[in-house]
1. Any idea which of Arg143, Arg133, Arg138 is basic (Lys, Arg) and open to solvent by less than 40 Å² (accessible area, probe 1.4 Å)?
2. How about the range 123-141: which of its residues are closer than 14 Å to Val275 by Cβ, in contact (Cβ under 8 Å) with a residue 40 or more places away in the chain and in a helix (DSSP H, G or I)?
3. Could you go through the range 153-163 and let me know if any residue there is part of a helix (DSSP H, G or I), under 21 Å from Gly265 (Cα atoms), open to solvent by 60 Å² or more (accessible area, probe 1.4 Å) and touching a helix residue (DSSP H, G or I) at 6+ places or on another chain (Cβ under 9 Å).
4. If you take the residues in the range 228-273 that are modelled with pLDDT under 75 and within 23 Å of Arg138 (Cβ to Cβ), which one is surrounded by the most Cβ atoms within 10 Å (Cβ to Cβ)?
Amino acid sequence: TRRPNLSAALATLFVVFAIGVPLGLVTWAIVREIVPAIGMVQTAFADLLDPASPSTGPMMHWLSEHVDLPQARLQIVAKLGAMSSEIASRSMVFVGDVLRMFIQSLFVVFVMFYLFRDGKIVREALAGAIPLRNRETRVILGRVREVVGASVNGVLVIAAIQGILGGVAFAVLGLPSAILWGTAMIFLSLIPVAGAFVVWIPAAIYLAVTGAWIKSLLLTLWGVFVISLVDNFLRPRLVGKRAKLHELFIFFAVLGGLQVFGLIGIVLGPVVLAVALSLFETFSHPGAGSSAT
């Protein structure tokens, strides 16, 4: 628009409506679904491990001949009941956390407007404050930009796509609390050693043992050939080779970022790692024109 204030306001509004509003709606849906979801899981396990239940499939009848299902049923139902009570007792605390996150989001939006408007000035001031030569400073700042893009595109975007695909599959197959389980798949996809399969594989097994073989097969095929392959298909296109970090580094960076910074540490952890590696590269090879990955 050639008007900095208007451009920054439009960019800020775009972020709010493209990211903030969907996140708010998903958070509200999770608050409404989490306690009923635990109750549904508790009921499902109770019926599944009850040989007399009509929902028990032939596999569970065979298993009941070799395993003490009533004892296992009592233990699992008791643990799920305790979990449900704990979640219900903490619901007010969770509502308070959501309110605090909303207030923090307002500060984020406020600061984001000025970063959109005056980002170039801030970047130049930051570059002038770093006690390195101009070329070395540009290398470090460029490396940080690459890893931020890699963290957002290669981690958050791919995890969101996998979670959405998993949630859609749950909704189409009639599984309850599809939004909650889709969100769980998003968070699990952010962890390098985990993934969305931690959610959809048990769901496929549950469908199989309850006799819903077709739904189980469809969910398995969708998980293997769609959800799991999204990472292999999109990551090379969203993350450049220079921005790629070793999986072990990303694992510890994400865990450390979560512990130190909270949820935003999913992005900040790899960024801190990138800065550290760039500084190490700069001091190890003075005058180098690029940084190692």
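The values are calculated or read from the model by the stated rules, or taken from the named source; none is laboratory data. These figures come from a predicted structure and were not determined experimentally. Glycine also receives a Cβ, built like all others from the backbone with ideal geometry; neighbour counts cover every protein chain displayed. For accessibility, only protein heavy atoms count, side chains too; no ligands or nucleic acids. Shrake-Rupley method; radii C 1.70, N 1.55, O 1.52, S 1.80 Å.
1. Arg143
2. Glu136, Val139, Ile140
3. Yes, the range 153-163 has at least one match.
4. Val239
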